[in-house]
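Reviewing the structure listed below.
None of the figures in this text is laboratory data; all of them are computed from the coordinates on show. Please read all numbers here as calculations on a predicted model, not as lab measurements. Glycine also receives a Cβ, built like all others from the backbone with ideal geometry; neighbour counts cover every protein chain displayed.
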Amino acid sequence: MNVTVLGLWHLGSVTAAGCAKHFTVTGLDFDAANIARLNAGQAPLLEPGLNELIAAGLAAKKLSFTTDPKSACAGADVLWLTYDTPVDENDESDVDLVLGNLRKALPHLPAGALVLISAQLPVGTCAQLENEFPRFHFACSPENLRLGKALDAFEKAERAVVGVRSDAKKALLEELFKPFAAQIIFMRPESAEMVKHALNSFLALSITFINEIARLCEHTGADAKEVSAGLKSEARIGPKAYLGPGGPFAGGTLARDVVTLSKLAAAKGEKISVIPAIKQSNDLHRGWAFRRLQARLGDLRGRKISVLGLTYTPNTDTLRRSAAVELCQQLIVAGARVTAFDPAVKSLPAELAAVALAGDLAAALAGAEAAAVCTEWPQFRQADWAQLVPQMRLPVFVDANRFLEKELKTVPGVEHLSVGRA
């Protein structure tokens, strides 16, 4: 099978490299600099194991990259659309950018070929494209791979939800997904598109629900971790429920689908209240760390605050939509002196010019009056906290998810502030 993967950032580069273990893959992207990096075996962002997988595909001549849609699409059995759909500051998707790039490629695709959409696009997109391009078959399997754990998520999926209208293409889709997914669930395209919107919105609802419970726990003497364990013991909820009290959901993945469904309801004249409230609640919770620091320290002017971790998630180097970056900006506005350390960040963007970037944990913590644990890097758990904490002026840690609870528990004098605990 010849597979062309269109859109080569996180989702696309993982998809192309993973597929090349089983099929002949051409990666297509209209960003020449990105294609040059990929042809040199370098992924567009940090993802453990991805550079090695790309290099293996190139060496085996099962994987190639190009900016030319004609050569990329000429012999393709499947054109797999894998853009990480851009999201603006209001969590609204830039659908036009994704579909505009797809329209550049489709004229070069053989008639009757299958177009598989995994980019996050609104429900109804497949039907729109079927009407616009009747020469092709369209299917959708919306996906977003977790940063830092994407290879496992792609190669060892528990199931693939696939929406397709034509029974004639089910065999091809089964062949495509068989190496990666233990189960394939077929349904109509609109249902598959809605599954992703609903799934992400439900996960977002779970996070905002437990965080609201947690903030009430802080005022009552209850411990939200214990409450969460009680909830998960209920068979109708279950042990895998997204009910861990802690920080807000960040990035644009969950928020995008909450906004998409809210806009859909408004467009269709359907009054809904629960789904729009998810984003309102999460936006309020985004200020928890800042409010906790203010409540503990009072006026933050001139106070040295250490921010531990800056990236959106561990095992990546992206700062976009990072809750840590937002906290830094809040602290600077409040007049605090902010020092940050992150093992993957060697320089800071212009909007963080007022932040001092430390070379290690010791430099970040020296003289600090509080530290905010923002990105859960494994290196932080391996640090010698008994040596580091005495270098602080005040051993106050704001750690929303209790990431360093075990490590700090044995260090004398530490004040450990977490979501859901008085």
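Quick notes on this structure:
- This ranking places Arg188, Arg292 by how few other beta-carbon atoms lie within 10 Å of each, fewest first, which gives Arg188, Arg292.
- Rough spin-label spacing in nm, given labels placed 7 Å along Cα→Cβ, for Glu174 and Gln280: 4.8
- Between amide H atoms placed 1.01 Å from N, distances below 5 Å from Ala340 occur with Val307, Ala356, Leu357, Ala358, all of them 5 or more places distant or on a separate chain.
- Antiparallel bridges, percent of DSSP beta bridges restricted to the stretch 2-187 (to nearest 5): 10
- Whole-number percent relative contact order across the chain, with pairs defined as alpha carbons under 8 Å at least 6 apart: 12
- Computed from backbone phi with θ = phi - 60° and the Karplus coefficients 6.51, -1.76 and 1.60, the 3J(HN,Hα) list for the stretch 392-406 is 7, 6, 10, x, 9, 10, 9, 9, 3, 9, 6, 4, 9, 4, 5 Hz; x is used for glycine and proline.
- Between Val411, Val78, Val258, the residue with the greatest mean-square fluctuation in the GNM of the chain (Cα pairs under 10 Å linked by springs) is Val411.
- Protection-proxy order for peptides 293-302, 325-334, 368-377, 124-133, each taking the mean of Cβ atoms within 10 Å per residue, highest first: 368-377, 325-334, 124-133, 293-302
- 5 angstrom amide H check on Ala160, placed H, neighbours 5+ away: Gln183, Ile184, Ile185
- Checking (1) 24, 51, 23, 1; (2) 19, 33, 24, 16, 5, 2, 0; (3) 25, 45, 25, 5, 0 against the coordinates, the calculated P(r) over Cα pairs in 20 Å bins from 0, in percent falls under label (1).
- The GluC sites (Glu not before Pro) of the stretch 42-120 that DSSP puts in a loop, and whose beta carbon has at most 12 other beta carbons within 10 Å, are Glu89.
- Taking amide H as placed 1.01 Å from N in the peptide plane, Trp80 has its amide H under 5 Å from the amide H of Thr4, Val5, Leu6, Leu116, each at least 5 places away in sequence or on another chain.
- Stretching Glu212 away from Lys271 to a fully extended chain increases their span by 18.9 nm, per 0.36 nm per residue minus the current alpha-carbon distance.
- In nm, spacing of pseudo-spin labels at Lys61 and Gln294 (7 Å Cα→C-beta vector): 6.4
- Listed by chain and number, the lysines whose C-alpha is less than 19 Å from the C-alpha of Lys279, apart from same-chain residues fewer than 8 away, are Lys196, Lys263, Lys271.
- Förster radius 30 Å - calculated FRET efficiency between Ala222 and Gln387 (Cβ-Cβ, nearest 0.05): 0.30
- The GluC sites (Glu not before Pro) found in the stretch 175-253 that occupy coil by DSSP, while having at most 12 further C-beta atoms within 10 Å, are Glu234.
- Its alpha carbons considered, the stretch 2-187 gives a radius of gyration followed by a Dmax of 15.2, 43 Å.
- Net charge, Lys346 excluded, C-beta distance under 15 Å - Lys, Arg +1, Asp, Glu -1: -3
- Distance between the 7 Å Cα→Cβ label points at Ser166 and Gln42: 4.0 nm.
- The loop-placed trypsin sites (Lys or Arg not before Pro) in the stretch 198-267, going by DSSP, that have at most 11 neighbouring Cβ atoms within 10 Å of their Cβ come out as Arg236, Lys240.
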